Amino acid sequence: MQILPYILIPLLVLVFISLQLYPYFKLRATRGHASPLLSKILQPGQSPEGLILLYFMSPRCGMCHATTPVIDELAKQRADVIRIDASKSPDIAREFRIMGTPAFVLLKDGVVDQVKLGAISRSKILAMLEPA
């Protein structure tokens, strides 16, 4: 019976870590993916060319409450920052494989280039939007 904790505890840790990392790896699989729903997201007349940052949030998300004011400020200043409420647009969130919020999807010429999960600072958001 002494060996059971040595097997059970690492197994539980492995299961916990894999469940936490699943959304991250699911999002990484979207790289290189072009969405047919992009026309629903963009403003009329806005071109998918260049860099576009999609910010997926939810009103029930605690980290979103810290990040959303920064995104709203940037969205007023820049047309390439778009906020999407994942609870009101589940089809768009599902298309980009968003399983948790906040999530940032950077599109380059209409194709997914980068995906970031969790709250990130204003400086990192602006760094994502700078052309490489």
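The values are calculated or read from the model by the stated rules, or taken from the named source; none is laboratory data. Model, not experiment: these values are computed from the prediction. Using ideal geometry, Cβ is built from the backbone for each residue, glycine included, and neighbour counts are taken over all protein chains shown. When the accessible area is computed, the model is the full protein with side chains, heavy atoms only, and any ligands, DNA or RNA have been set aside. Shrake-Rupley method; radii C 1.70, N 1.55, O 1.52, S 1.80 Å.
All conditions but one from (1) surrounded by 12 or more Cβ atoms within 10 Å (Cβ to Cβ); (2) at pLDDT below 90 apply to Glu130; the one that does not is (1).
Would you check which residues across segment 60-85 are under 21 Å from Ile98 (Cα atoms) and open to solvent by 90 Å² or more (accessible area, probe 1.4 Å) and list them?
Matches in segment 60-85: Arg60, Met63, His65, Arg83.
Considering only residues that are within 16 Å of the chain's Cα centre (by Cα) and of a type outside the set (Phe, Trp, Tyr), look in segment 44-59 and name the one that is most open to solvent (accessible area, probe 1.4 Å). Outline the logic, then answer.
Here is the first cut: in segment 44-59, the residues within 16 Å of the chain's Cα centre (by Cα) are 51-59.
Filter once more, keeping what is of a type outside the set (Phe, Trp, Tyr): 51-54, 57-59.
Details: Leu51: 34, Ile52: 4, Leu53: 0, Leu54: 0, Met57: 19, Ser58: 15, Pro59: 69 Å².
Top of the filtered list is Pro59.
Listed by position, the strands (runs of 3 or more DSSP E) enclosed by segment 81-124 that each have at least 3 residues that are not β-branched (Val, Ile, Thr) are 103-108, 111-117. Take Leu53 and decide whether it is modelled with pLDDT of 80 or more and either over 23 Å from Ile125 (Cα atoms) or in contact with a Leu (Cβ under 6 Å, 6 or more places away or on another chain) (or both). Here the answer is yes, as Leu53 does meet what is asked.
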